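Take a look at the structure set out below.
Readers should treat all values here as calculations from the given coordinates under stated rules, not as data from a laboratory. Not measured: the values here are computed from a predicted model. Cβ sites come from the backbone with ideal geometry, for glycine too, and all protein chains shown count toward neighbours.
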Amino acid sequence: MKGFLGIDVGSVSINIVIIDTEGEVIDKIYLRTKGQPIDVVQRGMRELSKKVPDDLEIAGVGTTGSGRNLIGVVVGADTVKNEITAHAVASSHIVPDVQTVLEIGGQDSKITILRNGIVVDFAMNTVCAAGTGSFLDQQASRLGVPIEEFGDLALKSENKVRIAGRCSVFAESDMIHKQQMGHSLEDIIAGLCEALVRNYLNNVGQGKEILAPVVFQGGVAANVGIKKAFEEALETEVVIPTHYNVMGAIGAALLAKDKVTSKEVETNFKGWQITELEYTPTSFECEGCSNLCEVIEMEMDGELISRWGYKCNKWDIV
Amino acid sequence: MKITFPYMGTSNIVFKSIMEQLGHEVVVHKPSDRTLDLGTEYSPEFACIPFKILLGTFIEGLQDGADLIVTSGGKGPCRAGHYGQIQTDILEGLGYEFDMVIFEAITDSFKDFFGNIRKIAGPGPSWWSIFKLIKKEWNRLKALDDIERLSHKVRPRELERRATTKAFEEAQEIIAAAETEEEIEKAKEKGIELLKSVPQNEDYEPLKIGIIGEIYVVLEPFANFELEETLGEMGVEVDRSIYLTGWTKEHSFFSLHSEDKVEKAAEPYLDQLIGGHGQESVGNTVLYAENGFDGVIQLAPFTCIPEIVAKSILPKVSRDKDIPFLTIFIDEKTGKAGVSTRLEAFVDLLIQKRDKAREKIS
């Protein structure tokens, strides 16, 4: 049996999935990055390798997310793709006629517009991260509410309050202010959900033609309060896919599957044993010219396997 | 005198040459992270990134002993028109002693324009010799622009990574070293030859992307994360809507009444000047769409009003003319990784769109 591995190395979480030849998810794993992408990927793969059927052969590997290049080298990726494309590929695979993808992750939020199955426009937050997962996490812990229950509480609100959601710091001040005024926790949380959605639509969604079907994915899609706020603002139903929090990884796996199948090539996958090897990245500043490139080197069990981050050919490994 | 001026792409070669032939010493650094750090430290927080890089450039020049800053002004609803005055104020506050010459459009005041030239040239040289010098250097600028345009066509087709950039750098050195008009012409031909001899994949059909936006972030690679080089190495042919030779033509005595195609193209969407390059950004998007380009990238300094206005008009142009666009706002906090992610995704989008269009035809 053939399987394809997809790894999404994000700022907050690392998601790994295995899909079959039909693109169905066989297994998935969701872990916190905690600033140690290599260790976490190795740990995740070790766990997955114990669960997968013995006859499963990995026929392709794809990586995505901000750590895609780093982990691509570690696992021997067949495709290394940006997360915008990977997310779009996954949504249109799961909801084929999707026209809008709302995606809110740990530190970024994006919107992707598709027509007839292809991406025609996208935007990603540039100068503001208010309303992303990290901020919700922080507010949940400040209010002493487990993040898992955050959205359910919002649904209980009967009279949501208006929160200034333009900037996460000001949103926090405003929430504290509303607490001091005596508003209920439910109303404040519901107000926050609405403010974040408003900010998202005015910021990344500005100028975009949002048509149904609308898919909402990324870690924040777990929050039913945000889902409801989106539905109210867009006046349409919002679909949350079953594997909403690992869509990037699914997209990466689909892209790898396409590549090895269409080009009939063998995978570069280095095998499950990579979980037992030691990878050591180091970096230095090249002083060869005024570019001062930050060169990154990757060693595998003491042997140099890759270098990147430079502009000329000086550091190519021959 | 020891002179410093804004460093903007290859134009520094020409400005340096003019100043040196007028007997001045030139101190100007290619902008670096240090330049931006210095500029950011002493600029108002919400000033745009060109302001910050220029201020940093001037500080570096003054630290190296410059006593005259030559810069450009402007008018209309873009803050660049007041850069010079505000930068003078900031630099004087920091204790530097210097003179600043600000060139406004010649159409504003002939007297000021030629007065400024005389101030830099000193009492010695005749107007005729100054005119000849400017004419020669104008040809050098044109040669540099021609070479750069060609490099954008060669780079996506190159077989060896960075071969085009190397040839382009060599060509710049040859053009910089030329002393007479004849030599400049020969140097240009040599440069063209160098670029043409880069081994290329002749059958490759690259995507074509037009670059629009604010002049400084479009022209200076440091300000735009070497966008043209990055796209070229991703296999994309780029065309830049702004070249200094084009801009100077519209703003100086080389052609006072040039018919403005770009303005006309923008008219149905934006029928007036809004400062900076706002109207050009809209007009050029129309022209790129009509000329078969696959997409447009808008480069805009964060908080730049003219480009914000243009950006809010572009979705309509994009729909009408079926041309995708991507806006990249730049400030000192913009990270290169984020820009590459967006560029990659944008290129993916354009490839998919092109493939789909071809399916329909065949």
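All other residues whose Cβ lies under 12 angstrom from that of residue B:7 are scored, Lys and Arg at +1 and Asp and Glu at -1, for a net of 0. Translational diffusion of chain B, estimated by Stokes-Einstein from the Kirkwood radius over alpha carbon pairs at 25 °C in a medium of 0.890 mPa s, is 114 µm² per second. For chain A, relative contact order (Cα pairs under 8 Å, six or more residues apart, normalised by length) works out to 22 percent. Shape descriptor for segment A:1-81: Rg over Rh equals 0.94 (Cα atoms; Rh from the Kirkwood inverse mean 1/r). The amide H of residue A:306, built 1.01 Å from its N in the peptide plane, has A:298 as neighbours under 5 Å, considering only residues 5 or more places off or on other chains. In loop segments of segment B:294-350 as defined by DSSP, the trypsin sites (Lys or Arg not before Pro) with at most 15 further C-beta atoms inside 10 Å of their C-beta are B:333.
Between amide H atoms placed 1.01 Å from N, distances below 5 Å from residue A:80 occur with A:63, all of them 5 or more places distant or on a separate chain. Between residue B:100 and residue B:267, the modelled label-to-label distance comes to 3.9 nm, taking each label 7 Å out from Cα in the direction of the beta carbon.
Each residue in B:15, B:58, B:51, A:170 was given a count of other beta-carbon atoms within 10 angstrom of its own, and listing them fewest first yields A:170, B:15, B:51, B:58.
So if R0 is 56 Å, what FRET efficiency would residue A:177 and residue B:166 give, r being the distance between their Cβ atoms, rounded to the nearest 0.05?
0.40
Distance between the modelled labels on residue B:202 and residue A:170, one decimal in nanometres: 6.0 nm (7 Å Cα→Cβ projection).
Counts of other chain beta carbons within 10 angstrom of each beta carbon in peptide A:38-44 average 0.
Across segment A:178-318, the mean sequence separation of Cα contacts (distance under 8 Å, 6 or more residues apart), normalised by length, yields a relative contact order of 13 percent. All other residues whose Cβ lies under 11 angstrom from that of residue B:204 are scored, Lys and Arg at +1 and Asp and Glu at -1, for a net of -4. Taking the DSSP beta bridges with both ends in segment A:96-240, the antiparallel portion is around 65 percent. Each principal axis of the Cα atoms in segment B:206-362 has its own extent, and those three values, largest first, are 47, 39, 27 angstrom. Give, as a single signed number, the net charge of other residues whose beta carbon lies under 9 Å from the beta carbon of residue A:10, with Lys and Arg counted +1 and Asp and Glu -1. Value of the local net charge: -3. Taking θ as phi - 60° and the Karplus parameters 6.51, -1.76 and 1.60, the scalar couplings of segment B:125-142 work out to x, 6, 4, 5, 5, 5, 4, 4, 4, 5, 4, 5, 5, 4, 5, 5, 4, 4 Hz in sequence order, x denoting glycine and proline. Dividing the mean sequence gap of close Cα pairs (under 8 Å, 6+ apart) by how many residues segment B:126-203 holds gives a relative contact order of 38 percent.
Taking chain A as a Gaussian network of alpha-carbon nodes connected by springs under 10 Å, the highest mean-square fluctuation of the residues A:164, A:90, A:221 belongs to A:164.
At an R0 of 41 angstrom, the distance between the Cβ atoms of residue B:128 and residue B:41 translates into a FRET efficiency of 0.35. Per-residue 3J(HN,Hα) values for segment B:56-67, derived from phi via the Karplus relation 6.51 cos²θ - 1.76 cosθ + 1.60 with θ = phi - 60°, read x, 4, 5, 4, 4, x, 5, 4, 8, x, 4, 10 Hz in sequence order (x marks Gly and Pro). Taken one residue at a time, the phi angles of segment A:62-77 give Karplus couplings (6.51, -1.76, 1.60, θ = phi - 60°) of x, 10, 8, x, 5, x, 4, 5, 4, 6, x, 5, 4, 8, x, 6 Hz. Gly and Pro are set to x.
As a test of the definition: which semi-axes, in Å, follow for chain A when you take the square root of five times each eigenvalue of its alpha carbon gyration tensor? Largest first, please.
For chain A, the semi-axes come out at 37, 23, 19 Å.
When the Cα gyration tensor is reduced to axis lengths a ≥ b ≥ c, the ratio a/c is 1.5 or higher for the protein assembly as shown, and with a/b above b/c it is classed as prolate.
Other protein chain C-beta atoms within 10 Å of residue C-beta, averaged over A:117-125: 5.
Close amide H contacts of residue B:276 (hydrogens built in the peptide plane, cut-off under 5 Å, sequence separation of 5 or more or a different chain): B:78.
Of all DSSP beta bridges located in chain B, what percent are antiparallel, nearest 5? In chain B, approximately 5 percent of DSSP beta bridges are antiparallel ones.
Loop-located GluC sites (Glu not before Pro) across segment B:261-315 with a Cβ neighbour count of 14 or fewer within 10 Å are lacking, with loop assigned by DSSP.
For the cross-link pairs B:166/B:188; B:75/B:135; B:321/B:360; A:2/B:353, the ones whose C-alpha atoms lie over 20 Å apart are B:75/B:135; A:2/B:353.
Quick one: pull the percentage of alpha-carbon pairs in segment A:187-242 with a separation above 17 Å.
Values: 518 of 1540 pairs.
Summing the P(r) of segment A:187-242 above 17 Å gives 34 percent of all pairs.
Annotation for residue B:291 and residue A:156: the two label points, set 7 Å from Cα along the Cα-Cβ direction, are 6.3 nm apart. In the structure shown, do any of A:228/B:316; A:34/A:110; B:16/B:264; B:261/B:336 have a Cα-Cα gap over 25 Å, and if so which? In this structure, A:228/B:316; B:16/B:264; B:261/B:336 exceed 25 Å between Cα atoms.
Counting only other chain Cβ atoms within 10 Å of each residue's Cβ, the peptide B:335-342 averages 4.
With distances taken between every two different alpha-carbon atoms, segment B:1-98 has a Kirkwood hydrodynamic radius of 13.6 Å. Counting only residues at least eight positions apart within a chain, or on another chain, the aspartates and glutamates with an alpha carbon under 16 Å from that of residue B:2 are B:20, B:25, B:60, B:64, B:67, B:97, B:99. Look at the Cα gyration tensor of segment B:126-203: its axes a ≥ b ≥ c give a/c of at least 1.5 with a/b over b/c, and that counts as prolate.
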